[in-house]
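Peer 1: Here it is, the structure in full.
The values are calculated or read from the model by the stated rules, or taken from the named source; none is laboratory data. Every value quoted in this text rests on a predicted model; they were computed, and no experiment measured them. Don't worry about glycine lacking a Cβ; one is built from the backbone with ideal geometry, like all the others, and counts go over all protein chains shown. Side chains included, ligands, DNA and RNA excluded: accessible areas come from the protein's heavy atoms. Shrake-Rupley method; radii C 1.70, N 1.55, O 1.52, S 1.80 Å.
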Amino acid sequence: MTSVIDCCSSPKDNNLCLTFSELSHEVRCGEGFRFMRDRKRLLHGVSGEFLSGELTSIIGPSGCGKTTLMDILSGYIQLQRGSIHLTGAEKNKKIRCSYIMQDDILQPLLTVNEMMEFAAKLKIKSRSLQKKKVKDILNTVALSDKLSTQVDKLSGGEMRKLSVAVELITEPSIMFLDEPTSGLDISSAEKCMSALKEVAGRGVMVVCSVHQPSGSMWDMFDHVYVMTSGMCTFQGCPKRLMDYLHSLALTCPMNYSPADHILEITLEEYGNNLSRLVSASRNGANKEWRRSNRQIPDEGDISLCDSEKLKVSSYGVERFPISSIMRQKCYSPPFIVQCIVLLERGAKSLCNSNNEPVRIRLLIHVLMGLFFGSIYCRIGLDAAHVRDNHSLLFYTLIFIMFTAYSGMIISFHLKLRITTREYFNKWYSLKAFYLAENIMDMLFQILCSTTFCLIIYLLSGQPLDPLRFFLFASACGIVALISQTLGLLVCTILRLKHAVVFGSLFIMPWVIFSGYFLRLQDAPWFSHWLFHINFLKYGFQCVVLSIYGYDRPRMPCSKDYCHFVFPQKFLKHLQLQQEKYYANFLILAAILLVTKILTFHVLKYQLKHKRKKLVDEE
């Protein structure tokens with residue numbers, strides 16, 4: 001049987017050569033403002049070349065720049081200095097590339113088969129071809145016996161294989177993998193590397209970073225690229241490493257692993273030989289030790305960098321803004337198809353019986369509804385408890401706002417990390433993801449808030465009028481949706497640890513200026529604008545109007561005297577007699593629309609310019 005990987009590259013793709021020259025990269029380290037942080041150089045003018053049909057391993061100690069080099073070559077982070085070129089491809093031919101990061105960020109609640117099916121639906125047009133490719137790829141990576149296993153129940157090695165499998169559906173010509181064997185036992189690591197070796201044998205350029213390969217893994221490599229302190233100490237055939245070291249009087253002892261020996265040398269266990277190694281390899285530019293008979297054609301040279309050059313005075317050199325092959329679009333289903341597939345995937349995860357966060361959120365709304373309802377039991381129809389009922393309405397709104405806000409911060413964090421990876425690898429458009437994600441989150445949030453409102457409404461003895469309950473639940477629902485969007489916005493801008501800490505600080509101004517604790521006429525003049533943009537104020541007014549507005553008749557009084565027997569008098573006391581429910585609701589709808597649009601553009605910016613931060617945070 002012919003595997004689908006046979007189709008990954010055309011014959012001419014087998015001559016692809018990825019060449020990079022004098023790559024340098026700097027970052028700012030430390031805490032505080034950006035301009036106060038110190039600069040640290042991660043790469044020091046490294047060069048090299050990788051060929052299709054080869055399994056290339058970038059090895060070196062921790063912190064030597066392996067991940068940074070992979071990020072730059074894949075286009076994940078911006079190129080600062082140097083140049084990258086791809087030769088050997090036909091003109092106008094789309095070169096497909098995938099980048100599999102170190103963390104296995106996959107949909108945890110889907111099965112292996114569901115994960116592959118949804119990936120195939122987003123990448124392959126023909127339904128019959130979808131099934132065939134899924135079957136063949138799972139056979140290639142040895143996961144065909146795990147079809148019904150949930151992703152979060154897979155072992156570390158199986159998770160890495162699945163990460164590779166979902167990207168193979170696009171038939172990439174180039175695959176980058178960052179630490180694919182990290183955290184795996186020897187057996188699992190060797191099986192994972194064996195699967196990558198088979199992929200490379202079918203014409204794909206496979207480039208992976210490995211911290212310290214075993215002897216059997218070393219034998220699988222076609223090409224190694226050794227790094228230390230952001231510099232290259234050797235590039236070439238693994239079998240020629242011994243000769244290379246011997247030429248520098250650093251002979252490897254008998255029956256000793258070449259990988260261990262070169263790492264010990266780079267860690268200066270045999271003295272300071274770093275400058276000699278870098279000089280001998282010409283920082284990766286020396287191709288003497290490659291021993292390859294392959295001819296890389298000069299025709300069809302495709303530059304991964306824009307032809308326009310920008311002068312950067314701080315470096316004193318020319319800067320080439322990268323235009324990576326990652327941005328070349330492959331088959332992409334129509335927008336509506338992407339939305340349907342993402343909605344189906346979201347529904348599968350949401351309705352999964354093992355989705356504990358969903359069950360917990362719904363249970364919290366039920367339990368808190370019973371708790372509030374039992375404390376404020378049957379007060380809604382009694383004029384003697386108008387103020388207490390007024391407080392209950394406010395607490396109801398506050399609870400819904402906080403749960404929607406904090407729930408989104410926690411739940412969207414994992415989704416954001418998954419989306420960063422999938423969006424970068426061109427699984428779908430951001431608009432399709434954002435629309436599908438909003439629909440699923442809105443439906444579930446409306447279910448939670450409506451359940452809570454129904455319990456509160458019945459137990460607290462509010463008027464048994466379907467219209468009033470609809471208006472009451474609608475006001476609470478739209479406040480929940482705005483809070484949910486604000487949580488998403490904060491989660492997108494800040495790291496999770498910061499979003500959790502500063503989340504309450506961000507939400508408190510809306511509570512203070514909602515009109516319950518402080519009225520507009522009593523507030524300082526410079527804070528009046530906070531009342532006018534406060535969604536909680538408009539939501540609270542809608543809730544109060546839904547209960548006491550619309551010509552509600554006289555209420556019974558259980559005491560000798562009740563000041564607010566007539567609901568209109570209470571509305572006048574609150575200065576709401578002239579307010580209209582629909583006007584406040586329209587303002588809330590406008591605020592929701594503005595926050596949704598703002599959040600989308602912030603998310604788009606973050607995924608394009610700050611994606612490294614979104615994935616790296618824990």
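Peer 1: Using a 1.4 Å probe, how large is the accessible area of TYR548, given in Å² and rounded to the nearest 10?
Peer 2: 0
Peer 1: If you average the alpha carbon positions of segment 390-426 and of segment 527-579, how far apart do those two centres end up, in angstrom?
Peer 2: 30
Peer 1: I've got another one for you. Any idea of VAL490's accessible area? Nearest 10 Å², probe 1.4 Å.
Peer 2: Rounded to the nearest 10, the figure is 10 Å².
Peer 1: Okay, next question. In square angstrom, what is the accessible area per residue of the chain with a 1.4 angstrom probe?
Peer 2: Details: 28040 Å² over 618 residues.
Accessible area per residue: 45 Å².
Peer 1: Given a 1.4 angstrom probe, I'd like the percentage of the accessible area of the chain that is carbon and sulfur, rounded to a whole number.
Peer 2: On the way: 16280 of 28040 Å².
With neighbouring chains kept in place, the figure for the chain is 58 percent.
Peer 1: Ok, one more. Among SER275, VAL602, GLY407, pick out the residue whose Cα is farthest towards the positive end of the charge dipole of the chain, where Lys and Arg carry +1 and Asp and Glu carry -1 on C-beta, about the Cα centre.
Peer 2: So the residue furthest toward the plus end is VAL602.
Peer 1: Another question about this same structure. Only four residue types carry charge here, +1 at the Cβ of Lys and Arg and -1 at the Cβ of Asp and Glu. Report the dipole size of the chain about the Cα centre in Debye, rounded to the nearest 20.
Peer 2: Working: 70 positive and 54 negative charges, 346 e Å.
The dipole of the chain has a size of about 1660 debye.
Peer 1: Report the full-extension gain for the segment GLN521 to ASN139: residue separation times 0.36 nm, less the Cα-Cα distance, to one decimal in nm.
Peer 2: Details: separation 382, 0.36 × 382 = 137.52 nm, distance 7.14 nm.
Roughly 130.4 nm would be gained on extension.
Peer 1: Taking the Cα centre as origin and putting +1 on Lys and Arg beta-carbons and -1 on Asp and Glu beta-carbons, what dipole magnitude results for segment 108-171, to the nearest 20 debye?
Peer 2: Details: 12 positive and 8 negative charges, 57 e Å.
The calculation lands at about 280 debye.
Peer 1: To continue, here is another question. Would you rank LEU362, LEU106 by solvent-accessible area, highest first, keeping every protein chain in place and using a 1.4 Å probe?
Peer 2: LEU362, LEU106
Peer 1: If I fit a long axis through the Cα atoms of helix 430-459 and take the longest principal axis of the Cα atoms of the chain, what angle between them do I get, 0 to 90°, rounded to 10?
Peer 2: Orientation of helix 430-459: about 30 degrees from the principal axis.
Peer 1: (i) 74, 67, 42; (ii) 105, 56, 46; (iii) 123, 51, 50: which one is Cα extents along the principal axes in Å as calculated from this entry?
Peer 2: (ii)
Peer 1: Just subtract the alpha-carbon distance of GLU288 and PHE335 from 0.36 nm times their residue separation and send over the number in nm, one decimal. All intermediate terms of the calculation are to be shown ahead of the outcome.
Peer 2: Numbers: separation 47, 0.36 × 47 = 16.92 nm, distance 4.96 nm.
In short, 12.0 nm is gained.
Peer 1: What percent antiparallel are the DSSP beta bridges of the chain, to the nearest 5? Can you show the working numbers first?
Peer 2: Working: 29 of 48 bridges.
Antiparallel bridges make up about 60 percent of those DSSP assigns within the chain.
Peer 1: Compute the long axis of helix 335-350 from its Cα atoms, compare it with the longest principal axis of the Cα atoms of the chain, and write down the angle in degrees, 0 to 90, nearest 10.
Peer 2: 80
Peer 1: For segment 108-171, would you read off the P(r) tail past 15 Å as a percentage of all alpha carbon pairs?
Peer 2: Working: 834 of 2016 pairs.
Summing the P(r) tail past 15 Å for segment 108-171 gives 41 percent.
Peer 1: If I take R0 = 51 Å and measure r between the Cβ atoms of ILE512 and LYS153 in this structure, what FRET efficiency does the formula 1/(1 + (r/R0)^6) give, to the nearest 0.05? List each step's numbers first, then the result.
Peer 2: On the way: r = 46 Å, r/R0 = 0.90.
That pair, ILE512 with LYS153, gives E of 0.65.
Peer 1: Using a 1.4 Å probe on the protein heavy atoms only, what accessible surface does ASP243 show? Give it in Å² to the nearest 10.
Peer 2: Roll a 1.4 Å probe over it and ASP243 shows about 80 Å².
Peer 1: Using helices alone, I'd like the mean residue ellipticity at 222 nm for the chain: each DSSP H run of four-plus residues gives -39500 (n - 2.57), total over residue count, nearest 500.
Peer 2: Working: 20 runs with 304 residues, N = 618.
Helices in the chain give a 222 nm mean residue ellipticity of -16000 deg cm²/dmol.
Peer 1: Rounded to whole Å, give me the distance from the Cα center of segment 112-132 to that of segment 207-221.
Peer 2: So the two Cα centres are separated by 31 Å.
Peer 1: I'd like the Karplus ³J(HN,Hα) series for segment 383-397: coefficients 6.51, -1.76, 1.60, θ = phi - 60°, whole numbers in Hz, and an x wherever there's a Gly or Pro.
Peer 2: Karplus-based 3J(HN,Hα) across segment 383-397 equals 5, 6, 10, 4, 5, 4, 5, 4, 5, 4, 4, 5, 5, 4, 5 Hz.
Peer 1: How many percent of all Cα-Cα pairs in segment 165-253 sit more than 20 Å apart?
Peer 2: Numbers: 1604 of 3916 pairs.
Of all Cα-Cα distances in segment 165-253, 41 percent exceed 20 Å.
Peer 1: Given points 7 Å out from each Cα along the Cα-Cβ axis, report the SER504 to ARG276 separation in nanometres with one decimal.
Peer 2: So the label points at SER504 and ARG276 sit 6.1 nm apart.
Peer 1: Can I ask one more? Using every pair of alpha-carbon atoms in segment 39-120, split the distances into 10 Å bins beginning at 0 and state the percent of pairs per bin, rounded to integers.
Peer 2: Result, from short to long distances: 11, 36, 31, 19, 3 percent.
Peer 1: Further question on the same structure: Taking amide H positions as placed in the peptide plane 1.01 Å from N, state which residues far from THR111 in sequence (5 or more) or on other chains have amide H under 5 Å from it.
Peer 2: Answer set, sorted by chain and number: VAL151.
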